[in-house]
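See below for the structure under consideration.
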Amino acid sequence: MTTPTKPSQPNSDLWNITGDNEKFTTDEVFAYVKGEVARSRNEVYTVEVGIGTDSQMIGRFFRFVTVVCIYRKGKGGFYFYRPGSIPRTNYKDKPAKMRMFDEVAKSIELSLALQEATGVVPAIHIDASPHSKGEFTSAFSEQLKGYVTSCGFNCLLKPDSYISSGIADSHSKSKSARKDRRKERMLGKSLGL
């Protein structure tokens, strides 16, 4: 059996798990989620699966981090996360609102794929405040929520959206982002940015 070679550039289809250097494919993450949900049916705990995305501008890129979280009520939880970068120039003439819609679109796309592959229907967490809060994201949070619910998923906004506003947010701004910035600079040079 041959050992797979590591990609020379960051592979956006590889997932990390906190505290471990091992990488997982999307299929492996989905299989783990499906297995955890199946195990919970035989145990005394309930499993909640949620997906959320957050982004942060870092240098010439926006760093997007998508999280798949498995919460075992009464037993704790864990998550997989996948960072990716998009050149800042892609949002040059677009309002910040469009980046929020892209965050939600990434979560919906992954949720649809998870549901199709495993039958598991996750809740989608959005890093936006409810309309009543009067913050920047409050102005269009109902649109974001409608986008999610029209795709058939439950939606959570702040303060309940801990996956996007807590976990993904911390990884989009984390020290590991510094390592990614070096990779992004190399990628930017190769793309002529």
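The values are calculated or read from the model by the stated rules, or taken from the named source; none is laboratory data. Values in this document were obtained by computation on a predicted structure and should not be read as measured data. Note that each Cβ is placed from the backbone with ideal geometry, even for glycine, and that neighbours are counted across all protein chains shown. Just the protein is used for accessible areas: all its heavy atoms, side chains included, with ligands, DNA and RNA removed. Shrake-Rupley method; radii C 1.70, N 1.55, O 1.52, S 1.80 Å.
Side notes on the structure shown:
- Taking a sphere under 12 Å around the Cβ of Asp13 and counting the other residues whose Cβ falls inside, with K and R at +1 and D and E at -1, yields a net charge of 0.
- In this calculation the C-beta distance from Lys34 to Gln56 is compared with R0 = 30 Å, giving a FRET efficiency of 0.45.
- Counted by Cβ distance under 13 Å from Val104, the other residues give a net charge of -2, where Lys and Arg count +1 and Asp and Glu count -1.
- Length-normalised contact order of segment 25-74 in % [C-alpha pairs under 8 Å, at least 6 apart]: 34 percent
- Amide H partners (placed H, <5 Å) of Val120, local residues excluded: none
- What separates the Cα centres of segment 82-98 and segment 129-169 is a distance of 19 Å.
- Net +/- balance of residues flanking Ser164 in space, Cβ distance below 11 Å, scoring K and R +1, D and E -1: -3
- 3J(HN,Hα) along segment 29-40: 5, 4, 5, 5, 4, 4, x, 5, 5, 5, 4, 5 Hz, from the Karplus curve 6.51 cos²θ - 1.76 cosθ + 1.60 with θ = phi - 60°, whole Hz, x for Gly and Pro.
- Within segment 51-146, the proportion of C-alpha pairs whose separation exceeds 20 Å stands at 45%.
- Checking the cross-link pairs Lys73/Lys173; Lys75/Lys97; Lys75/Lys158; Lys94/Lys145 against a 32 Å limit on the alpha carbon distance flags Lys75/Lys97 as lying beyond it.
- Take 111-123, 13-25, 156-168 and order them by the average number of nearby Cβ atoms within 10 Å per residue, most first; the result is 156-168, 111-123, 13-25.
- Accessible area in square angstrom per residue, segment 28-73, 1.4 angstrom probe: 44 Å²
- Close amide H pairs (under 5 Å, H built 1.01 Å from N) link Ala128 with Lys158, residues at least 5 positions away or on another chain.
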